[in-house]
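Here, each number is a calculation from the coordinates, and none is a lab measurement. Because the structure is predicted, anything quoted here is derived from the model rather than measured. Because the Cβ atoms are built from the backbone with ideal geometry, glycine has one as well, and the counts that use them run over all protein chains shown.
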Amino acid sequence: MILTSDDKLMFALALQGGYIQFSKYYFDWEPLPNQFVDHYAPQPNVIHLGGVGSGKTMGRAMSFLTNALTIPHYLALNTSVSSFQAKLLFDKLMPYVQDSKIERFIKDVRTRPYPVIETHFGSKIACMTAGFQATLIRGSEWDEINGDEFGYERYEETIFALRGRLRGKRPDNTYRKAQLRITTTPTEVEWLRRWWDRGDKESGAEDLDPKRYLSLRSTLFDNTHIPPWQREEIMAGYTEEMVQQEILAEFPEWGNTEIPLKFIDACEDLWLNHRMEELTNPIVVTEHGEEVAGTSHKGAIASELPRVGVVKWEMPYDAQRVYLLASDPGTASPPKRNTPVVMVWDVTEMPYTLVYFDWASGNGSYFPWLASFKYALEKYRPILRGIDATGTQKAIDELVFEREGISIDSVNFASDKTGMLNALKLLFQNHELRYPYIKGLRHQLRTYKLPDKDLTQDIVSAMMVFAWLTRYLPSTLEKKPVKVQTAAMKQRRLLRSKRLDTRSRRR
């Protein structure tokens, strides 16, 4: 690769504090103050809390690209709890990678089995999910790893595993940067708060260590590229608590809610997310050690929306299993109130496992909800199918289902709400539920409290319908005692699953 005199000047500037000049020249983009500080941070651990529209992901993307162009053999990984979230950084980079100023430096761009950008300088930016406790990236070495939205990664073991990948030397015998970055909306996850306090000089933490930890906070109002009227639209419909967390990037203080965090964590199984990744975006290693895309399972679907998270989760149907459907009709769209929710749970045994979740976009109509409801009925053939038949929903029951010839099990929130909530709380207390990490589901469970008049709680309502209907399950279903799974137990189960998959492919 031949560099012009201007290239050599700009590359040298980028390495010596001229990030603004470099980004203006090649990207026609200028970093915000925190993006500048983040790029040049010398600390090996950087925690950047950012609200919606704060520019945290964009800043990390441009920093990665700048380093990939100016540091030979530089390796960067953007990872997250889902491949969709990990890929967002790649999507932000593509318009710049395809620009004439940058295109001549790019050697290869590919999207399968996961997005990768390679430069003619031997550098690479990869975007992929970490997998359950970072099992998908063990054995590799990187200059920088960014945990995008890792405020939703509960296991600190995952962070330690990522830290272990930051080591070694490049082919030119220079040491790798070995920097770990956490770029996320603040959450209640305990390890995140501890790591943040270590880099926050105002925290008063006993283990404050500003030489090894840097803590940055960016809000929607720090992003001067967004005009005031657009900020107002972004915030429209946000509750005061959501503004604190999603806009101002403050750690949430939700107080006493109906379902304690320890029960939510106990029932949330990140291995299910890992399994979905295996089904929808399988990676096969050839005999030469090359990673290629495998064939996805037709019965598995996971769809996400930026900032909203998973809105569709669908696992394959198994004729040997027993299913129960629960739903809360609506006409709005995620993450707003009155958004339709359709759920199907595998109730063959305890813990009951979520296999279908559709947080549908109503767009002012009940038909998207009805389409999802009918689809779930036809695919999973549930023995019970419940909906909230209160108020407007009662008319749907009478007019739509009678005409469609669909029999349902109606539940009335007006008379049974307290009992339904208690039934759901009992399932949580006994660890009798098992579901994947779904941002909207977790958020609504974490914030639900009575009175719930002004809360976004449609997902919780559907779960309450489900909990109420489990009381009417046939007594012939096997109710095995629930065993709480530790992280080590889940790790062994994951390894056992991998061995079985390997044997299956050999056959």
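What does the net charge come to around residue 118 if you take all other residues with beta carbon closer than 9 Å to its beta carbon, with K and R at +1 and D and E at -1? Could you put the intermediate results ahead of the total?
On the way: positive: 107, 110, 124; negative: 108.
After counting each charged neighbour, the total is +2.
Restriction of the trypsin sites (Lys or Arg not before Pro) in region 189-225 to DSSP coil positions whose beta-carbon has at most 13 other beta-carbons within 10 angstrom yields 201, 211, 212. Among beta bridges from DSSP that stay inside region 5-247, the antiparallel ones total about 25%. Among 348, 129, a tally of other beta-carbon atoms within 10 Å of each Cβ gives an order, fewest to most, of 348, 129.
With a cut-off of 8 Å between alpha carbons and a minimum separation of six or more residues, what is the relative contact order of the chain in percent?
Relative contact order of the chain: 13 percent.
Give, to the nearest whole percent, the P(r) tail of region 272-472 beyond 26 angstrom, counting all Cα pairs. Of all Cα-Cα distances in region 272-472, 32 percent exceed 26 Å.
Annotation: the antiparallel percentage among DSSP beta bridges lying fully within region 272-472 is about 70.
Please work out the C-alpha center-to-center distance from region 414-442 to region 306-356 and express it in whole Å. Spelled out, the Cα-based centre of one part sits 13 Å from the other. For region 272-472, lysine pairs with C-alpha atoms less than 18 angstrom apart, excluding pairs fewer than eight positions apart on the same chain, total 16. DSSP bridge analysis restricted to the chain gives an antiparallel fraction near 50%, rounded to the nearest 5.
Using only the Cα atoms of region 1-80, build the gyration tensor, take square roots of its eigenvalues as a ≥ b ≥ c, and label the shape rounded, prolate or oblate: rounded if a/c is under 1.5, else prolate if a/b is larger than b/c, else oblate. Verdict is prolate for region 1-80.
Provide, for q = 0.10, 0.14, 0.16 Å⁻¹, the log10 of I(q)/I(0) from a solvent-free Debye sum over equal Cα point scatterers in region 9-166. One equal scatterer on each Cα of region 9-166 leads to -0.33, -0.67, -0.89. What does the C-alpha gyration tensor say about the overall shape of the chain? Classify as rounded when a/c is under 1.5, otherwise prolate if a/b is larger than b/c, or oblate. Taking the square roots of the gyration eigenvalues as a ≥ b ≥ c, the chain is prolate.
Placing pseudo-labels 7 Å out from each Cα toward the beta carbon at residue 363 and residue 297 gives an inter-label distance of 3.0 nm. Using a Förster distance of 45 angstrom, determine the FRET efficiency expected from the C-beta separation of residue 320 and residue 24, and round it to 0.05. The pair residue 320/residue 24 has a calculated efficiency of 0.15.
Based on alpha-carbon atoms, the Kirkwood radius and the radius of gyration of region 314-358 give Rg/Rh equal to 1.07.
Summary of the geometry: region 29-99 and region 229-263, compared by the centres of their Cα atoms, lie 25 Å apart. Positive-end ranking of 45, 360, 140 along the dipole of the chain, with charges on Cβ about the Cα centre, is headed by 140.
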